[in-house]
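Here is the structure we will look at, set down as structure tokens.
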Amino acid sequence: MSLALAIARVEQLERALAPPVAAPQPTPGATAGVAAATPTASAAAMATAGSPGSFAGALQGANGLPYVAGGGGGAMPLIAGAELGQAEQPPGSNDSARIATYRTATAGSGVGPWCAYFVSWAARQAGTPLGDQGQGFGSVDALYAWAQGAGRAVPNGPGVVPRPGDLIVWDEHIGIVEQVLPDGRIQTIEGNSSDRVSRNVHALADALGYVGMS
């Protein structure tokens with residue numbers, strides 16, 4: 001017998017002696033043909049999105065449904081994070097070639113404090129421009145006034161917690177929420193912070209309010 005025939009014979013015997021494979025049994029409660037899902041952290045977060053006291057519970061979206069951050073808002077921390085370290089040139093000038101790019105996301109703004117320019121630019125890059133016509137804003141006051149009129153502003157208060165990508169507002173300053181830390185503090189990315197795009201951490205109580213990004 002040739003070597004090839006011998007190998008084929010051994011494989012034939014192995015197949016004949018192998019125990020039968022039982023057909024998979026459906027998981028109780030699962031739909032036929034669909035694997036049962038394993039709960040994930042993100043699924044748990046979605047389940048609590050509208051819980052009382054959460055930012056989602058405080059901000060109502062269209063048709064009275066709870067606001068759920070997502071879409072462009074979810075992309076904003078990544079977009080803003082890629083700009084970390086961009087600085088004024090020269091320092092204290094409120095200007096640089098990159099900051100001039102941020103200004104293009106606002107309507108007719110000149111050289112000046114640029115935190116609102118930065119969030120307007122990040123929002124436009126994320127596909128969720130600020131303003132009724134997507135015009136962006138050159139000042140924090142104008143941006144927050146628009147958010148109030150659009151039903152997207154939430155004053156800070158007990159139990160109000162933002163989501164990544166939402167805007168965080170202080171007196172004459174604004175930034176982007178990057179994440180809520182386990183200890184409850186807010187990690188942010190801000191333009192015009194120490195003359196550059198900076199990452200900072202703030203106490204939850206420090207903010208005046210938030211702007212929901214959808």
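Here are the numbers for the structure shown:
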item	result
Flag if Thr128 is more than 21 Å from the chain's Cα centre (by Cα) and either on the phi > 0 side of the Ramachandran plot or surrounded by 14 or more Cβ atoms within 10 Å (Cβ to Cβ) (or both)	no
Of residues in the range 93-108 being touching a Phe, Trp or Tyr at 6+ places or on another chain (Cβ under 9 Å) and farther than 11 Å from Ser120 by Cβ, the one surrounded by the most Cβ atoms within 10 Å (Cβ to Cβ)	Ile99
Residue among Asp183, Asp171, Asp206 that is without any contact (Cβ under 8 Å) to a residue 60 or more places away in the chain and within 15 Å of Asp141 (Cβ to Cβ)	Asp171
Test: residue in the range 184-195 that is surrounded by 17 or more Cβ atoms within 10 Å (Cβ to Cβ), more than 17 Å from Leu78 (Cβ to Cβ) and touching a Cys at 6+ places or on another chain (Cβ under 7 Å)	yes
Test result for Arg185, modelled with pLDDT of 95 or more and charged (D, E, K, R)	yes
Which numbered condition Cys115 misses (of (1) touching a His at 6+ places or on another chain (Cβ under 6 Å); (2) over 22 Å from Gly209 (Cα atoms))	(2)
Some residue of the range 163-178 being on the phi > 0 side of the Ramachandran plot and either crowded, with 17+ Cβ neighbours inside 10 Å or among the aromatic types (Phe, Trp, Tyr) (or both)	yes
Residue, farthest from Glu172 (Cα to Cα), within the range 109-125, restricted to residues that are in contact with a Phe, Trp or Tyr (Cβ under 7 Å, 6 or more places away or on another chain) and crowded, with 24+ Cβ neighbours inside 10 Å	Trp121
Considering residues of the range 196-211 that are aliphatic (A, V, I, L, M) and over 21 Å from Gly85 (Cα atoms) only, the residue surrounded by the most Cβ atoms within 10 Å (Cβ to Cβ)	Val211
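The values are calculated or read from the model by the stated rules, or taken from the named source; none is laboratory data. In this text, all values refer to a predicted model and were calculated from it rather than measured experimentally. All Cβ positions, even for glycine, are placed from backbone atoms using ideal geometry, and neighbour counts span all protein chains on display.
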